[in-house]
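What follows is a single structure, written as structure tokens, with notes after it.
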Amino acid sequence: MLRARDWILAARPKTLTAAVIPVVVGVALAFSATGRVEWVWALLALAGALLIQIATNLVNDAIDYEKGTDDAQRVGPIRVTASGLIEARQVKHGAWICFAAAAVVGIPLLIRGGWPLLAIGLASIAAGYAYTGGPYPLAYHGMGEVFVLAFFGPVAVGGTYWLQTLSIAPDVLIAGLAIGMPACVLLAVNNLRDVEGDARSGKRTLAVRGGRRFAVGEIAVFAFTPLLLGAWWWWRGERVAALLPLLLAPLAATIVRSAMRDRGAALNATLGRAAALHAGYGLLFSVGMIVG
């Protein structure tokens, strides 16, 4: 008998801030530019982002099991398919239901945002499936960071801003890159933790392709570059938005030190710190844009 808590586990609620934060940032940028928030469009954008993220997680759960990536030697959090809690077929059905629900939520967004929102919606759903599914799964060919940087960065932030203002600006895309980078820290730490199992199963992540030293360097770049981008916001006159995220520099340093030192399951705690870095950067930057 299927239990609700198994489906909640499959949705990976601890990862869902990756979908929430870009929407928050897009709304904050729009408020800074216009002085108002279009709450209906903000909430619909949030619902769509969460549904696509959950669907992507479900596809990943089922396909990683089928490909042998999630096996008895897995050191990360429990996966429902590999643990036998839910059959792979059912998990995939759940994914398609979430993708379909995201498409339904997207109908009023298309009416509001026009063809740019159609392009974003279709690309997001396709990329969510192609992350681990299809003939060329992105995560299995070292393209995971490209997917995360784009779709949890400029695409999500820019799409939210467009819904709010029906316009776009270079600042929005730069903010999107800055938000996408801490999301890449999450993925890079995850791949570093799983590097041995991924290598066994043929999952050619950047950590597998480049080795541990490359993976640590990647984590450092993605952790500190958003803080350095504060120089852009300082130059643009957004002094509070430039300074507040610098409070996270010690956390970024802790993540990099842990990536250099720890192995396997010990990196699960670092994954939690990476999630805090991503959420913290997005929230502090948003507060800076609103009050600055």
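The values are calculated or read from the model by the stated rules, or taken from the named source; none is laboratory data. Just so it is clear, the model here is predicted, and its values are computed rather than measured. No Cβ is skipped: glycine too gets one built from the backbone with ideal geometry, and neighbour counts run over all protein chains shown. SASA here: full protein model, heavy atoms, side chains in, ligands and nucleic acids out. Shrake-Rupley method; radii C 1.70, N 1.55, O 1.52, S 1.80 Å.
Here are some notes:
- Taking 10 °C and 1.306 mPa s as conditions, the stretch 203-292 diffuses translationally at an estimated 113 µm²/s according to Stokes-Einstein applied to its Kirkwood radius (Cα pairs).
- What you get for the chain, charging only the Cβ of Lys and Arg (+1) and of Asp and Glu (-1), is a dipole of about 400 debye around the Cα centre.
- Candidates ASP194, ASP64, ASP262, ranked by Gaussian network fluctuation over the chain, Cα under 10 Å, top entry: ASP262
- Based on C-alpha pairs under 8 angstrom that are at least 6 apart in sequence, the stretch 185-292 has a relative contact order of 33 percent.
- Residue-wise HN-Hα coupling along the stretch 244-260, computed from phi with Karplus coefficients 6.51, -1.76, 1.60 (Hz; x: Gly, Pro): 4, x, 5, 4, 8, 4, x, 5, 4, 5, 5, 5, 5, 4, 5, 4, 6
- Fraction of the pair-distance distribution of the chain above 26 Å, Cα-Cα pairs, percent: 43 percent
- Per-residue ³J(HN,Hα) for the stretch 193-208, Karplus 6.51 cos²θ - 1.76 cosθ + 1.60, θ = phi - 60°, Hz, x for Gly and Pro: 4, 9, 4, 5, x, 5, 5, 5, 8, x, 7, 8, 5, 4, 5, 5
- Label point at ASP262 placed 7 Å out along Cα→Cβ; residues across the stretch 188-230 whose backbone nitrogen lies under 13 Å: 189-194
- Note on the chain: helix-only mean residue ellipticity at 222 nm, from DSSP H runs of 4+ residues weighted -39500 (n - 2.57) and normalised by residue number, equals -24500 deg cm²/dmol.
- By the rule of a C-alpha distance below 17 Å, with chain neighbours fewer than 8 residues away ignored, the aspartates and glutamates paired with LYS203 are ASP61, ASP64, GLU66, ASP70, ASP71, GLU145, ASP194.
- Accessible area per residue for the chain is 44 Å², calculated with a 1.4 Å probe on protein heavy atoms, without ligands, DNA or RNA.
- Amide proton proximity set for THR81, modelled H, under 5 Å, gap of 5+: ILE86
- Mean-square fluctuations from a GNM of the chain, with a 10 angstrom spring cutoff on Cα atoms, peak among ASN191, ASN57, ASN268 at ASN268.
- Computed on the chain, with alpha-carbon pairs under 8 angstrom and 6+ residues apart, the relative contact order is 23 percent.
- Rounded Å value of the spacing that divides the Cα centres of the stretch 137-213 and the stretch 31-96: 15 Å
- log₁₀ of I(q)/I(0) at q = 0.11 Å⁻¹ - the stretch 10-91, Debye sum with one point per alpha carbon: -0.42
- Summing +1 for each Lys or Arg and -1 for each Asp or Glu among the other residues whose beta-carbon sits under 14 angstrom from that of ALA207 gives +2.
- Share of carbon and sulfur in the accessible heavy-atom surface of the stretch 36-90 [1.4 Å probe, %]: 59 percent
- Fraction in percent of alpha-carbon pairs per bin - 5 Å, the stretch 241-292: 5, 22, 26, 18, 13, 9, 5, 2, 0
- Cross-link reach list, lysines versus LYS92, counting only Cα pairs under 16 Å and skipping chain neighbours closer than eight places: LYS67
- Within-13-Å neighbourhood charge of ALA253 [Cβ basis; K, R +1; D, E -1]: +3
- P(r), alpha carbons of the stretch 76-233 - 10 Å bins starting at zero, rounded %: 10, 30, 34, 21, 4
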